[in-house]
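The structure under discussion appears below in the form of structure tokens.
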């Protein structure tokens, strides 16, 4: 399972040695991005071996007509596809007229990739042996600027290591790209204009249906012996590709560099007729600053991110590399600057799953962004859902709900549901609860109540309406039930009374009613506005509470556990350890019906509820449920190990906690799920962060105070992390001898550290 | 709902008056076929209005790549599509150079269609007003010969009713046809050869992937005043169409007829290089016999069918028309001559649902064919499944079953599963039980036990293996359960312990073991062969019996009813009568999740079990279950009303029985489901037959004797039907004054007539 080709290193992801079979996996792992755009680590020069090309512009998507076998009423009409965007990295290289292609050269040696996470750049180097007499060495470094987020820089240096050569570079933009993930082979893009001006090229593309305009641009420089080489303007273009040509001779031992400033401007941020001027202005700024300054700025920007977000692990290089990789990728994906964006499941590393927003954001990502960024970033993520409330009401309307009830989409780009399996779209409704939990979590953590009267309460009311309408009163049980759902464990479909869903629904209603009362008391004008807008009556609230107060929770008296759903104990209960390895992963080895009727759990379900509502249950209850459910869990969702790591740590099962931690933190680096070539699991990376901070660090918020219950895996000498708590920084250091928290801030802060209540004074160190 | 444009008539389906909006519906209703081929009632001449073109060759299909949103392990790779075949009916008609097209002519009067079921032909007539001064009358009759089942005949007569005209006919074959039902717009057919010889044309086509070869052929004659008109050979062709041209002048009042002999030869019945010679031989036979003789032969053939299969209803013309339409369509679809064929859900009237074989055949069609044909026909239908046993074992293997366990497909052409919804393909496993029930039913009815040792026992053993492997032992309940199924009521998916499925599984095992013992005792060499082939051991049989003996049956003590599935009573139980009509049909008005969690039943489920195993339950039990389930049933499956009609008759609920009878018998004629334009519901037509014979006629077999418990709806003066019982004919006459059964046969036959045991002597009449 463990590919183990990534070389352990504290700050870099490193691959050494040329293995064509690893190209696609590495294209995922070495991806770069800056929140506004990103790309897989495709080669600049031509490569005829197996590759998965991917460049992505945040917020730009295509509504691909839904593909299903038999249409069912209520299906969304399209699936939002993440679009492969025009390629601006391309540099074809000709050595004495022969095109460089690692798939066909005589030999490749000294092949190395490095993703330098500390400074935010990616470099690939190799020696290509073209013949007995001719070899070149290439060092290609590139980065996507955090400083100028429409800019990428590529520095492609070639050295003639054997023989003198004539080298010709053809930097190009290719707008004739396609998606791997397409339902009907639609053309996603139209090319509107291709322009070449001196050493610049600009291409204007437009997405079909959605009419996003994207300007893709490049400007090239040729540098030899540190000097810019003047070269004649040559270019050619066809309908979709525009290429420049720059050639020169180099002697053995000499180097020449093709440097490319490139990037995207998009109609999300500019009028479409401004896209070329905006591109030119980016290029002007870039060339004025120059490569070295830009690289320095990049390192500075990343240093700022790391200053807040870094986690150190002492004594376990692979664990250290894992957590930094996760933090790095999250920051490459989403920086919280733009409330229209969100955290796609594959970020900028692949197309799979489409859409940009799952419940992953609310359930797994919010804590990371709350604690490692200004709290405005988490607020932006919440605001994103508020701004899509109307669409969530429309989604619910398509399924027959009314009066402003909302069902947030399973996956979306713009608020419209765009998943297309009935058992998910129509039934995996627990996602609605995560929206409310995130609000609760945000207020609990940041202390910023203002979000609720301003925006959150409307979301909560719409969701409470949904739960009320969605519940069924069982006369037999004299209880409300929620029938026909899919829980977080997607290896069960259309079950009745998924405990997690029922519990969350009940909690949502109660929390909403609490906040209606709070807003009524403390924010009267907001209250009046919201009541007027939602037509909410006391009798409706009474009806909600009737549902919440009489919600059925499947529980087994004999085992003393909540049942994942009705009938769970009728299954044949055999622990995963007793399941033959030939059947695993079951999602690849078993037919769907066999998975469904088995007891195996894809990801935390009941335990997810215990994670959200830790304070509702005793440690004994947690232990009992962990002991029952974990052995049945196959963790075939990337979102499973992190929650289990946290729960294991709480139960002092440190070996298990450590094992789950490794699995979540190195899920992609070690390719546990055998699919990393499709892209990285971005949202679960926030779960990795939680494993450290909430698991080993034991962070929770008790009465507005951060509380830490620290646990050190025996494999580690120590670990440290920081959190931004209400605009002050708490620096947590855990070693074999104890734990300490340092405050970087201006005001005293009460904390609880391993059950001890402490008041931290600014700059004071506590042990 | 009731379109009510079909004019009631005892022997014909008649439409009068030109309504373009009815064209597609009538194309379905006036379809013709002869078991080997069939076609919708498309116009011969050009028609630019809305039309759904369809011509079909039995057994010829295309495996269309499965279309689903997200692939699940075990999915079949393709869906077998019913193929629109080359069009041989086409006759373009030009009047003084202007092409006849009912969509564009000045006016259409005297428009009439008649499907003469007694004689087996279809005729369309109309007057087309081309201008103030010019009008023609057309009478186009056609039939598909039962005598020569590769032959169709079209007699297209034009009369100049106003003005003298020059008329030009262009009879053609168009092999450039497409399917409406296609997943990916694949080309289903390739044209291999187009040949014109004198007045004959032949086209050789080949289906992609499956490589069926079909020869489509025609030969034309021009007849004026009863005389053949010689006309010069003119033709043209392109890649897919070949057309002839025949023109002549006619005076006002004169008529001219273009007669076309046409049809298909296929590689199912000939080597592909023999298709043209075979076609020529059909044409030679046809032209030698001539139109009038062929028409006479057609009427004779149908007279033979009706002599056995006719049902008369006295005093209710619409009911009479309904039952004859059903019997007629069944005979057009399948005549039992070829054990490779089966009864497609739309027969030769449309493409929808693909495939040719559902469990409908075993559950609904076998009784009709057993009682109205030689018993060899039903045996052929059973043999069809025997011959596909290997494929059923493969199907089960794809889902993880082993050791020869078989899962028959939900839909197939060649034995391979070709449905593609997981909740059907993987879960609607009750279909397996219908295979065994049909064997039981066949032996019970025909007394032909030989099928079991020869073929049936192998099928039963493979199915018993499946049930054994598919059951789960619930430690809690100390019972075997069947988890994760879809019952006959497809408005529930992935439920646990569907009573019908569990009951059927248990019965299958018991019946199989009984027969293993019987075959062991009475057919030792068959027994030895089968045991050797199946590796069956006593311990395996013991394990099966453990499952059967300890099968869980969901039952509610308080109501005293078997529950459709676990948890059914947790639903909100509101009878269909109390459901707002704006929500119906729910499959068009509600989202899928809402349907699933509602209590509404698509078609008989528990009551289907009571229908199959009538003798296992008391009338009181039936009544209780009928009273509980029927009010929750929306009958949105065509297979629902027939079973309910029979059950209502048994309970003396004659008004309900009659209402359900009308609904099943006129489902298509009155378009209850608002979809008749897609084709007719062929398999449910056999259910209509059952409503009369088993419902109002009360036929059941008790100890090898036919028993009749007759019930006359008060709307009728009487009804009659015949059954072939073990090669003797029983003619049942029911009137307001009583019932009588007449024997046409050579041997005395014991029967039970309304509880009276009677021995019928040949030709003796009993009252």
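Read-outs: derived from the displayed coordinates by stated rules, not from any lab. Small disclaimer: the values here were computed from a predicted structure and weren't measured. We place every Cβ from the backbone using ideal geometry, glycine too, and count neighbours over all the protein chains shown.
Percent antiparallel among DSSP beta bridges with both residues in region B:616-767, to the nearest 5?
Details: 25 of 27 bridges.
DSSP beta bridges in region B:616-767 are roughly 95 percent antiparallel.
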Ordering B:120-133, B:532-545, A:349-362 by per-residue average of other C-beta atoms within 10 angstrom, highest first, gives A:349-362, B:120-133, B:532-545
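What is the mean number of Cβ atoms from other protein chains located within 10 Å of the Cβ atom of each residue in peptide B:474-483, rounded to a whole number? Walk me through the numbers on the way to the answer.
Details: counts 6, 5, 8, 2, 0, 1, 0, 5, 1, 8.
Shielding by partners across B:474-483 averages 4.
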Which chain A residue comes nearest the axis with its C-beta when you rotate A onto B, and by how many angstrom?
A:494, 2
Shortest first and in nm with one decimal, please list how far the residue A:581 label point sits from its counterparts in the other copies (point 7 Å along Cα→Cβ).
6.6
Rounded, prolate or oblate: which fits region B:210-321 when a ≥ b ≥ c are the square roots of the eigenvalues of the alpha-carbon gyration tensor, with rounded for a/c under 1.5 and prolate only if a/b beats b/c?
oblate
Calculated SAXS-style log₁₀ I(q)/I(0) at q = 0.13, 0.14, 0.15, 0.29 Å⁻¹ - region A:296-341, Debye, Cα scatterers:
-0.35, -0.40, -0.46, -1.09
Under the convention of a label 7 Å out along Cα→Cβ, give the distances in nm from residue B:518 to the same position in every other copy, shortest first.
7.3
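For chain A, what does -39500 (n - 2.57) per DSSP helix run (n ≥ 4), summed and divided by total residues, give at 222 nm, in deg cm²/dmol to the nearest 500? Each step should come with its number before you reach the end.
On the way: 19 runs with 230 residues, N = 767.
The helix-only estimate for chain A comes to -9500 deg cm²/dmol at 222 nm.
Sort region A:100-176 into rounded, prolate or oblate with this rule: let a ≥ b ≥ c be the square roots of the eigenvalues of the Cα gyration tensor; rounded if a/c is under 1.5, and if a/c is not under 1.5, prolate when a/b is larger than b/c, oblate otherwise. List each step's numbers first, then the result.
On the way: a/c = 2.45, a/b = 1.72, b/c = 1.42.
Verdict is prolate for region A:100-176.
Given the alpha-carbon gyration tensor of region A:277-385, what are the semi-axes of its equivalent ellipsoid in whole angstrom, ordered largest first, with each equal to the square root of 5 times an eigenvalue?
Details: eigenvalues 131, 94, 41 Å².
Result for region A:277-385: semi-axes of 26, 22, 14 Å.
Determine, for each peptide in B:713-725, A:213-225, A:658-670, the mean count of other beta carbons within 10 angstrom over its residues, then list the peptides with the highest first.
On the way: B:713-725: 19.4, A:213-225: 21.8, A:658-670: 25.0.
Highest to lowest by the protection proxy: A:658-670, A:213-225, B:713-725.
What does the C-alpha gyration tensor say about the overall shape of chain B? Classify as rounded when a/c is under 1.5, otherwise prolate if a/b is larger than b/c, or oblate. Could the numbers behind the result be given before it?
Details: a/c = 1.77, a/b = 1.60, b/c = 1.11.
Prolate, since a/c reaches 1.5 and a/b exceeds b/c.
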Can you tell me the order of B:14-25, A:35-46 when each peptide is scored by its average per-residue count of other Cβ atoms within 10 angstrom, highest first?
A:35-46, B:14-25
Please give the per residue volume of the convex hull enclosing the alpha carbon atoms of the protein assembly as shown, rounded to a whole number of Å³.
221
Could you give the nm distance between label points at residue B:623 and residue A:546, where each point is 7 Å from its Cα heading toward the beta carbon?
3.6
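Can you tell me what share of the DSSP beta bridges in chain A is antiparallel? A percent to the nearest 5 is fine.
Bridges in chain A are about 95 percent antiparallel.
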In nm, to one decimal, how far is the residue B:129 label point from the residue A:390 one, both placed 7 Å along Cα→Cβ?
5.4
With r as the distance between the Cβ atoms of residue B:211 and residue A:317 and R0 = 51 Å, compute the FRET efficiency 1/(1 + (r/R0)^6) and round to 0.05.
0.25
Taking residue A:757 in one copy and the same position in all the others, each labelled 7 Å out along Cα→Cβ, what are the pairwise distances from the first, in nm, shortest first?
9.4
Simple spin-label estimate for residue B:651/residue A:674, 7 Å along Cα→Cβ, in nm, reads 5.4
Using Cα pairs closer than 8 Å and at least 6 residues apart in sequence, work out the relative contact order for chain A, in percent.
12
Report for the protein assembly as shown the percent antiparallel among DSSP-assigned beta bridges with both residues inside it, nearest 5.
95
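With r as the distance between the Cβ atoms of residue A:588 and residue A:559 and R0 = 25 Å, compute the FRET efficiency 1/(1 + (r/R0)^6) and round to 0.05.
Details: r = 31 Å, r/R0 = 1.24.
The pair residue A:559/residue A:588 has a calculated efficiency of 0.20.
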For region B:590-633, alpha-carbon Rg over 2.2 N^0.38 Å:
1.34
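Using only Cα atoms, what Kirkwood radius does region A:453-543 have, in angstroms? Mind showing how you got there, number by number?
On the way: mean 1/r = 0.0697 Å⁻¹.
That comes to 14.4 Å for region A:453-543.
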Ignore the peptide's own chain and count Cβ atoms of other chains within 10 Å of each Cβ in B:585-594; give me the average, rounded.
6
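Please average, across the residues of B:412-425, the number of beta carbons from any other chain that are within 10 Å of each residue's own beta carbon, and give a whole number. Present the calculation step by step, with values, prior to reporting the outcome.
Numbers: counts 0, 0, 0, 0, 0, 0, 0, 2, 3, 5, 8, 7, 2, 4.
Taking all residues of B:412-425 together, the mean is 2.
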